[in-house]
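Note sheet for the following structure.
Every number here is computed from the coordinates shown, using simple stated rules; none is lab data. What you are looking at is a predicted structure, and each value in this text was computed from that prediction instead of being measured. Because the Cβ atoms are built from the backbone with ideal geometry, glycine has one as well, and the counts that use them run over all protein chains shown.
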Number of protein chains: 4
Amino acid sequence: MDTLDLNSDLGESFGRWVLGDDEAVLGLVTSANVACGFHAGDPTTLRRTCAAAAARGVVVGAQVGYRDLAGFGRRFIDVAPDELADDVVYQIGALDGMCHVAGTAVRYVKPHGALYNAIVHHEEQAAAVVAAVRDYSTDLPVLGLPGSAFLRAAEKAGLRAVPEFFVDRAYTREGTLVSRREAGAVLHDPDDVSARVLRLVTDGVVTAIDGSDVTVRAESACVHGDSPGAVDMARAVRSCLEKAGVVLEPFA
Amino acid sequence: MDTLDLNSDLGESFGRWVLGDDEAVLGLVTSANVACGFHAGDPTTLRRTCAAAAARGVVVGAQVGYRDLAGFGRRFIDVAPDELADDVVYQIGALDGMCHVAGTAVRYVKPHGALYNAIVHHEEQAAAVVAAVRDYSTDLPVLGLPGSAFLRAAEKAGLRAVPEFFVDRAYTREGTLVSRREAGAVLHDPDDVSARVLRLVTDGVVTAIDGSDVTVRAESACVHGDSPGAVDMARAVRSCLEKAGVVLEPFA
Amino acid sequence: MDTLDLNSDLGESFGRWVLGDDEAVLGLVTSANVACGFHAGDPTTLRRTCAAAAARGVVVGAQVGYRDLAGFGRRFIDVAPDELADDVVYQIGALDGMCHVAGTAVRYVKPHGALYNAIVHHEEQAAAVVAAVRDYSTDLPVLGLPGSAFLRAAEKAGLRAVPEFFVDRAYTREGTLVSRREAGAVLHDPDDVSARVLRLVTDGVVTAIDGSDVTVRAESACVHGDSPGAVDMARAVRSCLEKAGVVLEPFA
Amino acid sequence: MDTLDLNSDLGESFGRWVLGDDEAVLGLVTSANVACGFHAGDPTTLRRTCAAAAARGVVVGAQVGYRDLAGFGRRFIDVAPDELADDVVYQIGALDGMCHVAGTAVRYVKPHGALYNAIVHHEEQAAAVVAAVRDYSTDLPVLGLPGSAFLRAAEKAGLRAVPEFFVDRAYTREGTLVSRREAGAVLHDPDDVSARVLRLVTDGVVTAIDGSDVTVRAESACVHGDSPGAVDMARAVRSCLEKAGVVLEPFA
């Protein structure tokens, strides 16, 4: 029987500013990438999110990012690798503390935003994130883009490297993401998106933007929760998979 | 044989800004109150400080404070108790993460600056800090002012409450600190200060500002390291105690 | 003919986090209290808000606050008066810069959140804010609570002190605000609220929580815009006043 | 008669953390690049520095940088140009406010650290800084590296573009700076350095790292003040120039 993990970014509110519908998303996903305070997530939000995840049996991962509240971690920062590694350890530790008092623990690590994108190619920063995770615990898997420098470095370091699929993004025939700058890069129809994810799980292939079939290896699928439309799409994906008998369970 | 712990604030640099001579102080104390990033301490400084403490056998405590880099945690902030508790857990977790990769662990908690002073009397904030420590681990002692609401709440909650002595501060005949606003509140002569600490250890008494003897119970003595003069005083205290056969060892 | 100013807090988004419907509110008020970056408001939000205000003929005031993004400026901070004054000058200057490139200028100052509340009674901080405004420009009026230490200090310093009315708050028979902790402190019905404001403008009196009439002197009325319900209430108030022939115009 | 401006970075303390000997440096330079709070500089430091500069007749410039206290503005951040422009306006306005209450005004703009380096080549960020300055005031000159994209864009926009010379940096035969990674890139001898500056002023040439003479056009020379050695070097340079009859005066 086929299985899949569904992951989503959570805990991204900050003080007075609320972002996303964490409660709704926690009812749909199996893994929660919880912010760690550097790009988003005040301690009270983090504790509440971790407790809610624990109550629903959703696994918590540390969504580590650049130290940049004003930019929401979406701007590349040329941090020295040693400092980046320390920033990542700090964030994992902080979230692990919040998890601990909420009755759970950090079970994986997924970089956020510009850091996620940078370490697709930036070898030094990729190595820094991997070194931080490995120093913290060799038992923590990392979640990232298939074929990225990050996942390669993680595997080399003996970490479990988990590739993910983006449910609402178009893929090239080479199996990479179509750039957001190109037309058709982002998919909007919940039914189309659901059918794609189901095909990925059952057949291991996705229809690329040029109509060809491309093989994609993924153990988790990333859904969004930062708008009502995003929650609806996540709900459609989950529902479609469940009807097809796919078992939704955490990868970690 | 008499024993005493010497503690000092460390890890209070931030990025480009260096504060204190951590290396020198680590050679003198038995317990390091390491900042946690909210009032001071970037992750790289914290990791380095924890590693240096571990290498010298100095025990690490989490020096938790208000979220206030601009004020260095020295300004009272009227944080809601629940949020304060979450802030404290976050800080302990973050430092514990840095300790973990540096081969040690957080072994106690000491509030910093305005938070330290507030919870001498502020029952709600005192209870919040205690709740945070207890939720994180009931095995973590807390270090504070003798007679404070904080130590009382900690004892009630089943935590080990460790009273400390300020080597360079004058005491009233009631055993409380003379306010910094009064003349003679701060002592400057290393020999005087050393003799006071020795008398505290051997006799359990201190000469109060009015000349009377006052009983003070303390398991740790706090020394400073943020100026060359402060390091010299810490060195004098340690040397005096060692010559008198006092065993300097961590309380935790 | 009767006139009134309507003021509201604006520009309180920060990076990815959006707060309030600034466009809608700018269509209803005559004065915009624009955040200055210390409790909320990134530079891009500020510039856009100032430009939109200028385009609609809405006057801009500097909504200065404590340096506390995590607490949204809603927590009292025991800042030293000299430092508070400098923080206030910095904020006014920054917003004036944004106004300047947006074709307008800071025309008044209104403290925000916990600072607003603190300087109702806190003489030193009230004096610090007044000193900052006066040092920046003696031509800037300040907006505050009638009877507050802040407005008294402002008048003494030769600044124009403008008292404001809260449209959705209950008043005591002494003309002070009923504490939010008490039942009935906040009013929710747009029609009731509109009728109160109209009576204040035409008769200078408000019905207090105990049913008695109380005289309230106010040159501006504060409306909110941080929720759809708040915008609806502001719209109702404006509509009611316009129908009654009250001229809505900036106090500054 | 020959003239030269001497500029230096000032106002880079932050709260408890003191950096540099601003008083000493203000006695030596003619232009002070004062931090604006984004990479360094709390409001109280800024006001004090601006007042001290005004008292000594030293001209104040806005030393604008990336929003990055933890990195001291020394890490490239891929900020969107529009947001960078707004960040720059905010900083100029804030410092201008501090200058205003200190009896002076911002008279020029000099980017700091990683931003300074980025806009040597990064056309979009260079254009953004130029647009910000121009929107704020077309009367403000900018200080930068000779031959940089920044100075080119500034000239095109009608701003006065002032090239500067680094007194302690080696130059290539093409007149560019030798990279810090190469041996001999930084000069340490105060006498050598002074002689170089004097030759630059009198002859317009510098001895390049390969021994050849290279023509360098500069209206200002940058000296450092963040260490006792740096202050000594600045003093030597000033003294040498004064003995030679060079008039030290602000370029702005």
Give me the distance between the Cα centres of segment D:26-51 and segment B:177-252, rounded to whole Å.
39 Å
Could you tell me which of C:Ala54, C:Ala80, C:Tyr66 has its Cα farthest along the dipole of segment C:51-106 towards the positive end, charges placed at Cβ (Lys, Arg +1; Asp, Glu -1), taken about the Cα centre?
C:Ala54
Given charges of +1 on the Cβ of Lys and Arg and -1 on the Cβ of Asp and Glu, with all other atoms neutral, how large is the dipole of the protein assembly as shown about its Cα centre, in debye to the nearest 20?
0 debye
What are the label-to-label distances in nm, one decimal and shortest first, from C:Val247 to the same spot in the other copies, with labels 7 Å along Cα to Cβ?
5.7, 7.7, 8.7
Under 1.5 on a/c is rounded, so check that first for segment C:52-150, then, if it is not, pick prolate when a/b is larger than b/c and oblate when it is not; a ≥ b ≥ c are the square roots of the alpha carbon gyration tensor eigenvalues.
prolate
Based on the alpha-carbon gyration tensor of segment B:184-246 and its eigenvalue square roots a ≥ b ≥ c, which shape applies: rounded if a/c is under 1.5, prolate if not and a/b is larger than b/c, or oblate?
oblate
If the label for D:Ser179 sits 7 angstrom from Cα along the Cα-to-Cβ line, what are its distances to the same label in every other copy, in nm to one decimal, shortest first?
2.6, 6.1, 6.6
Grab the DSSP H runs of chain B that are 4 residues or longer, score each as -39,500 (n - 2.57), total them, divide by all residues and round the 222 nm result to the nearest 500 deg cm²/dmol.
-12500 deg cm²/dmol
Please list, ordered by chain and number, the residues whose modelled amide H lies under 5 Å from the amide H of A:Cys222; skip anything fewer than 5 residues away on the same chain.
A:Asn7, A:Phe165, A:Phe166, A:Val167
With Cβ to Cβ distances under 14 Å as the rule, what net charge do the other residues near D:Ala55 carry (K, R +1; D, E -1)?
+1
Mind listing the phi-derived Karplus ³J(HN,Hα) values for segment A:24-41, rounded to whole Hz, using 6.51, -1.76 and 1.60 with θ = phi - 60°, and x for any glycine or proline?
4, 5, 5, x, 10, 9, 10, 9, 10, 7, 8, 4, 10, x, 8, 10, 5, x
Take every Cα-Cα pair in segment C:18-73 and report what % of them are more than 13 Å apart.
58 percent
Please list, or write none, the lysines whose alpha carbon is within less than 30 Å of the alpha carbon of B:Lys243, excluding same-chain residues fewer than 8 places away.
B:Lys110
Checked segment C:107-223 against the a/c 1.5 cut and the a/b vs b/c comparison, axes a ≥ b ≥ c from its Cα gyration tensor; verdict prolate
Listed residues D:Asp191, D:Asp210, D:Asp232, most fluctuating in chain D (Gaussian network, C-alpha, under 10 Å)
D:Asp210
When chain B is modelled as a GNM with alpha-carbon springs shorter than 10 Å, which of B:Gly61, B:Gly73, B:Gly184 fluctuates the most?
B:Gly184
Local net charge near B:Tyr116, Cβ-Cβ under 12 Å (Lys/Arg +1, Asp/Glu -1):
0
Looking down the axis that turns B into C, which residue of B has the closest beta carbon, and how many Å out?
B:Ile77, 3
For C:Ala80, label point 7 Å along C-beta direction: distances to other copies, nm:
3.2, 3.2, 4.0
Using the C-alpha gyration tensor of chain B, what are the square roots of 5 times its eigenvalues, in whole angstrom, with the largest one first?
26, 21, 17
Computed from the mean reciprocal separation of all distinct C-alpha pairs, what Kirkwood hydrodynamic radius does segment D:1-126 have, in Å?
14.5 Å
Highest-MSF residue in chain B out of B:Ala154, B:Ala105, B:Ala80 [GNM, Cα springs under 10 Å]:
B:Ala80
Treating only Lys and Arg (+1) and Asp and Glu (-1) as charged, each at its beta carbon, one finds that chain C has a dipole about its Cα centre, in Debye to the nearest 20, of 200 debye
Please turn the phi angles of segment D:144-154 into ³J(HN,Hα) values with the Karplus equation 6.51 cos²θ - 1.76 cosθ + 1.60 (θ = phi - 60°), one per residue in order, whole Hz, x for glycine and proline.
x, 7, x, x, 7, 4, 4, 5, 4, 5, 5
Residue-by-residue Karplus 3J(HN,Hα) for segment B:114-130, coefficients 6.51, -1.76, 1.60, Hz, glycine and proline x:
5, 5, 4, 6, 4, 7, 5, 10, 6, 4, 5, 5, 4, 4, 5, 5, 4
In the calculated pair distance distribution of the protein assembly as shown, what percentage of Cα-Cα distances lie above 52 Å?
25 percent
